[in-house]
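Visitor: Would you mind keeping the following structure in view while I ask a few things?
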Amino acid sequence: MELKNHQSDCDVIFLSSLIIHSHQTLSTQANQTSVKLPSNISLGNINVNITLDSNDQKDDPSRYDKRVSALVFSGSSEFLESSITIGQNSIPIILDTSSHHFLIAKKKCTGCTQFPPFYKKSPVGEFVQCDSQLCHLNGNTCEKPNKFTSPTCVLTTNIETAAIRAYLISDMVSVDNFKNIPVIISAIYRQTGDLPNKLTKPIFGVGPSCQGCPVSQLNSILTTLKRPYIFGVSLDRNYFGGISLGSINPLFYTHQLNYTTMVKQRASYSIQPYSMISEWNGHSLNISYTDFNMFTIETTLPLSYLPTAAFNKFTKFLSDYCQAKNAATTTSTTSTGTSPSNPTSTTTNGSTGGLPANNPKVPASTSSSPLSPSASTTTNNNNVKPSPSICSSLNVLFSNCLPSSMLSPDQFPTIDLHFPENFTLSLKPSNYFYTISRDNIVYQCIGIQETKDTHATFGLNLMRELYIVFDNDRSVIGFVI
């Protein structure tokens, strides 16, 4: 991924000092799910234009710290996975930018789909009482679990189509070098409804601070430590990296951090570029914000999505060159009976999130994690002529994964997101494509799909090779490579 700033020619370099497990085995899970996206809002006045130099830290030194606390990611291509400690127990977690709660299943939980280890209250853990101010917030009720215990505070919420009931418990956690920090844990004791894929592991909410939103547990930890509510996500090409907590880590860049306005709606982080632009062998793509409205950043979605109007323009752009130059001379060389379909992803409003429902599951014995699709260091592919095999495959590319022998992502164009703050975020094909392996054959799959919702999703695949700063105190999101 490439970031261009039109105000400076300074290079921005991605440094991966947090990536300490780069030789671990990549995740082999292939199930992918989508969540219902927030409803549409109109484009507001976006006039934030902040450019920070790593040597200019006079505005707030607490935001810049080379000794920043951090969590290391596991390398999963489905979620941002890490771990924290409760008492003496290390607990795997999924960091979720669209949640504020710390949801972890109790051992005795009816209908729960989370895998062990389960939540075990530490010696200092206490149930939140019904007369607590916390118990009067939206979604919280007072219940008597059984005839032997006193009434206690309970969280009632939905995750996708699953209904959750959880005891609220005040307990201590340790996050990197933040030791024994009080948080509110939502200990799930009942789950009903369909299985959301991200409920297989505890969810640690890092959602935005916004009016009417509960305080996220990361926000609570940083407030206790008198740190600003800032965190930065860094991923390399193979999904390894980490999250800096409570400050901006200047080791991740050398010159400029480009900010855009943070849009907070329905407990999610969103950004509003004004256009998607590309050029491919004389054919142009120009998608206005009216076709996608905004991009919601989702750390629990492996793929990215465009609303129907924008998606149709994107697919037409890719096919126009081939139709003009090769339609008369190429024939179909693909067989949809031998190529695996892209993994299914359905939104909660019943619409398909751009992926077909007839996907054969990738066997667990093969790797389904995105691999490095090409060793090429080319950053601008917009003048590379597509091969005849690409042209003959475009009609099935958005519903099927194709063998790597038939196409290379490097032959596809770079897509630029233009922001009102006068910078451009370039999405390379090596980022919006991903790779799976099945029956000893490597397949290329396109990771931008269609959603029936009214705005776009910036999924985990597009977050690679970036350092993304979520500055809640200033309500801005920064991009650095």
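Visitor: If packing is taken as the mean number of other Cβ atoms within 10 Å per residue, what is the order of 201-210, 114-123, highest first? Don't skip to the end; give the middle numbers.
Guide: Details: 201-210: 23.3, 114-123: 15.9.
My ranking of the peptides, most packed first, is 201-210, 114-123.
Visitor: Once you list every other residue whose beta carbon is under 13 Å from the beta carbon of residue 272, what net charge do they have if Lys and Arg are +1 and Asp and Glu are -1? Mind showing how you got there, number by number?
Guide: Working: positive: 264; negative: 291, 421.
Neighbour charge sum, excluding residue 272 itself: -1.
Visitor: Related question: So what's the convex hull volume per residue for the Cα atoms of segment 100-205, in Å³? Can you show the working numbers first?
Guide: Working: hull volume 11.7 nm³, N = 106.
In segment 100-205, the Cα hull volume divided by residue count equals 111 Å³.
Visitor: Determine, for each peptide in 405-411, 278-284, 415-421, 131-137, the mean count of other beta carbons within 10 angstrom over its residues, then list the peptides with the highest first.
Guide: On the way: 405-411: 18.1, 278-284: 16.3, 415-421: 20.3, 131-137: 13.3.
Per-residue Cβ counts within 10 Å, averaged per peptide and sorted highest first, yield 415-421, 405-411, 278-284, 131-137.
Visitor: Still on this structure, please answer the following. Please give the FRET efficiency for residue 395 paired with residue 422, using the beta carbon to beta carbon distance and R0 = 35 Å, rounded to the nearest 0.05. Numbers along the way, then the final one.
Guide: Numbers: r = 38 Å, r/R0 = 1.09.
My answer for the efficiency is 0.40.
Visitor: Quick one: length gained pulling residue 286 to residue 156 fully straight, 0.36 nm per residue minus the C-alpha distance? Please list the in-between numbers first.
Guide: Numbers: separation 130, 0.36 × 130 = 46.80 nm, distance 4.35 nm.
Going from the current span to full extension adds 42.4 nm.
Visitor: Further, regarding this structure: If you count the DSSP beta bridges with both ends in segment 100-205, what percent of them are antiparallel, to the nearest 5?
Guide: Approximately 85 percent, going by the DSSP bridge assignments.
Visitor: Find how many whole Å separate the alpha carbon centroid of segment 248-313 from the alpha carbon centroid of segment 131-168.
Guide: 37 Å
Visitor: So, one more: Note down the relative contact order for segment 399-445 as a percent, whole number, built from C-alpha pairs under 8 angstrom at least six residues apart.
Guide: Details: 56 pairs, mean separation 20.3, N = 47.
Relative contact order, segment 399-445: 43 percent.
Values in this text are rule-based calculations from the coordinates and carry no lab data. Nothing here was measured: the structure is a model prediction, and the numbers come from that model. Because the Cβ atoms are built from the backbone with ideal geometry, glycine has one as well, and the counts that use them run over all protein chains shown.
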